[in-house]
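Only the coordinates and a few stated rules stand behind these numbers; no lab work does. It should be emphasised that the depicted structure is a prediction, and the values quoted were computed from it without experimental measurement. With ideal geometry, Cβ positions are generated from the backbone for all residues, glycine too; neighbour counts draw on all protein chains shown.
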Amino acid sequence: MSWLKTLREAVGGSHHQDYTEGPIGRSLVLLAIPMVLETVLESVFAVVDVFFVARLGADAVATIALTETLETLVYAVSLGLGIGVTATVARRIGEKDPDGAARVAVQAIVLGVLVAIGIALVGVTQAPRLLALMGGSEAVQAVGAPFTRVIMGGNVAVLLLFLINAIFRGAGDAAIAMRSLWIANAFNIVLGPCLIFGFGPFPQLGLVGAAIGTTTGRSIGVLYQLTQLARTDGRIVIRREHLSIDWAVMGRLLRISGSGILQMLIGMTSWIGLVRVVATFGSSVLAGYGIAIRVVVFALLPAWGLSNAAATMVGQALGALKPDRAERAVWLAGRYAVVVLGGVGFVFAALAGPIVAIFTREPDVASVGTTCLRVVSVGFVFWAYGMTLSSAFNGAGDTWTPTWLGLFCFWLWEVPLAWVLARPLGLGPTGAFLAITIAFGTYAVAAVVLFRRGHWKTRVV
C-alpha cells in the first residue's frame with residue numbers, strides 16, 4: 001500500500017527527496033510524520049520520570065517541578081535559536097548551497113555552547129538561591145540543590161539536542177531529528193530508575209541519579225547527532241574547512257533568533273499568567289485545569305509536526321526562488337491541521353468526561369477538567385491555523401510577526417480577558433477557559449490577514 005511505503009520512507013529518512021520539487025502533500029507528510037514522532041517519547045519520558053521520582057517523596061517531586069520551571073529558560077533559548085537555525089539552513093538548502101548550510105550549522109553549535117556555558121555557571125553556583133527564588137522551602141533547597149546543579153550544569157546537552165535537531169529539520173532530515181530524541185529519551189528512561197534506586201551494578205543516587213540519567217541520555221543523543229553531521233552522504237556534511245567562526249553568519253543567526261527567543265518566552269510565560277488567574281479559584285480548579293491542558297498539549301502534536309514541516313517547506317522554497325510553492329505548502333499544511341485537530345476536537349468535546357476521568361477520581365477536579373477540555377477543544381481549528389502560520393513566518397525568517405502577534409494576543413488580550421470573564425463578569429473558571437479559545441481565534445485571524453499580505457516572501461535570510 002502506498003501509505004505504508006510513505007510511512008516507512010518518512011520514518012527511515014527520505015535522503016533523495018527534494019522538497020523544492022514534486023507533490024507538496026507528499027513532501028509535507030514525509031516531513032511531518034517524524035516530527036510528530038520526535039516528540040512522543042519526550043512526552044512519555046516526562047511521565048515516567050515523575051513516576052519514579054514520586055517514590056522519593058514530595059520534596060523530590062517539588063524539586064523537579066521547580067527545576068523544570070527554571071529549565072523553561074533553557075527551552076525558550078534553544079527553541080528560539082532553533083527558529084533562526086531552521087530558517088537559515090532551509091534557505092541555504094533551497095539555494096542548493098550545502099556548504100553554506102554546513103557553515104550555518106557550525107555557527108549555531110558554537111553559539112549554543114556559549115549560551116549554555118553562561119546558563120551553567122549561574123545554575124551550578126546559584127542552585128539553592130534559584131530554588132528559593134522559585135518558592136522552594138528550605139527542605140526542598142537542601143534536597144534539590146544537587147539535582148538542580150546537575151540539570152542546569154548539563155544544560156548544554158539539552159540546548160544542543162534541540163538546536164542540532166533544528167538543523168536537521170531545516171535540511172529536511174526530520175527522521176534523524178526523530179531518532180536523536182528517541183535515543184536520548186530511551187537512555188533517560190532506562191538510566192533514570194537504575195541510578196535512582198541502584199538497580200544491578202548502578203549506585204543508588206536518589207534524586208541526583210535522576211538528573212545524571214537525564215543528562216547522560218541527552219548527551220548520548222547529542223553524540224549521535226554529531227556522528228550524523230559528519231556523515232559523507234547526509235544533506236548537511238560538516239568538514240574541516242567549515243570549522244571556523246564566521247561572524248557574519250553568526251550575526252544573522254542572532255538577528256533572527258533573538259526575536260525567536262522572545263517569541264518563545266512570550267508564549268511560555270503567558271501560560272503562567274493564565275495559571276495565576278485560575279489559581280484564585282482554589283486547588284481543585286487548578287488541578288482540573290492542569291489535567292485538561294496536559295491532554296490538550298499531547299493532542300496538538302500532529303499540528304506541531306505539520307507546522308514545522310511547513311516551516312521547512314517555506315524556507316527551502318524561498319531559497320529555490322519559489323514563493324508560490326511556499327504559500328501553497330502553508331495553506332495545504334493548514335488544511336491538513338484543521339482536519340486532524342478538528343477531528344480530535346470533536347472527539348474531545350464529545351468524550352471530555354471519560355477522558356478526564358482517566359486522570360482523576362475526584363468529582364470537583366473532574367468537573368473542572370471536563371469543562372476546560374470541552375471549551376478549549378472547540379477552538380482547535382484556530383490552533384491549527386495559528387500554529388501553521390506562525391511556523392510559516394518563522395520558516396521565512398520573519399520572526400518578528402509571530403512575536404508581536406503573541407505579545408498582543410496572549411499577554412495584552414488573553415490574560416486580561418481571562419480575568420475579566422472570570423471575575424468581573426462572573427463566569428468563574430469557565431471564563432478563563434473561554435479566553436484561551438478566543439485568543440487563539442484572534443491570533444489565527446490576524447495571522448491569516450498578515451500572511452496574505454505576503455511581506456514574508458521578501459525576507460532576506
Given R₀ = 35 Å, what would the calculated FRET efficiency be for Ala230 paired with Leu412, taking r from the Cβ atoms and rounding to 0.05? 0.15
Which of Met268, Met313 has the fewest other C-beta atoms within 10 Å, and how do the rest follow up to the most? Met268, Met313
Inter-site label distance for Arg129 and Ile245 at 7 Å from Cα along Cβ, in nm: 2.8 nm
Using only alpha carbon pairs under 8 Å that are at least six residues apart, calculate the relative contact order of the chain and give it in whole percent. 20 percent
Footprinting proxy, Met35, Met250: sorted fewest to most Cβ within 10 Å, the residues are Met250, Met35
Simple spin-label estimate for Val339 and Leu114 in nanometres, 7 Å along Cα-Cβ: 4.5 nm
At a Förster distance of 56 Å, what's the computed FRET efficiency of Val448 paired with Phe202, Cβ-Cβ distance as r, to 0.05? 0.55
